[in-house]
Amino acid sequence: MNSVYLALVLLLSISHVCSVERYSLSYSYFDEMAQTYCASKSPGWVFAIRRNCHHAPTCEAMCAAAKSSILGTIAHQRKNVSCYDAFHIPKNHALLKANPGSDQPDSGKVNIGTYGYGKGGCTWRANHCGPNYCCCKAF
């Protein structure tokens, strides 16, 4: 093989590793879980917004602050935005074995528990741990 080909293969491999590291499965895994939770709780346009444990406003305030972005995302098909639920996904949990085949390794073992706050999570105290995702709805 010539050196240009090897350099190209090495460059592509490094690029792939860097992109996987930067956007690993855990990057969006929790976001996707939260979006699925929020979507299961309300019909229509819904958005899961990340919330920090400390130094974060209420979910109600976070949804209001994201109004312009939310409405822009849906090409202003709606006019208003509000919080309707909040959700906590613990990020430090047991890991189960991968299950790419038809078998279910670690079947019956507990992996992760989540907590839905309902409407009360929207007004959870600012700067206080609780929900780490806010469910916002455009209506």
Check your understanding: When we measure straight from the Cα of Lys91, which aspartates and glutamates land under 17 angstrom away, once same-chain ones fewer than 8 places off are left out?
Key -> Asp31, Glu32
Practice item. Can you put Trp45, Trp124 in order of Cβ neighbours within 10 angstrom, beginning with the fewest? Key: Trp45, Trp124
Exercise for review: Mind ranking 127-134, 62-69 by how tightly packed they are, going by the mean number of other C-beta atoms within 10 angstrom, highest first?
Suggested key: 127-134, 62-69
Review point. How much FRET efficiency would the formula 1/(1 + (r/R0)^6) give for Asn92 and Ala64, where r is the Cβ-Cβ distance and R0 is 35 Å, rounded to 0.05?
Key: 0.70
Point to revise | Reachable lysines from Lys119, criterion Cα separation under 20 angstrom, eight or more residues apart if same chain | key: Lys41, Lys67, Lys137
Point to revise | Burial ranking of peptide ranges 89-99, 46-56, 111-121 (average Cβ count within 10 Å, highest at the top) | key: 46-56, 111-121, 89-99
Practice item. Consider a paramagnetic label point 7 Å from the Cα of Val110 along Cα→Cβ; state which residues of region 57-92 have an amide N under 19 Å from it. Key: 88-92
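Coordinate-derived values only; no laboratory data. Keep in mind that this is a model prediction, so the values were computed, not measured. Every residue, glycine among them, receives a Cβ derived from its backbone with ideal geometry; neighbour counts consider all protein chains shown.
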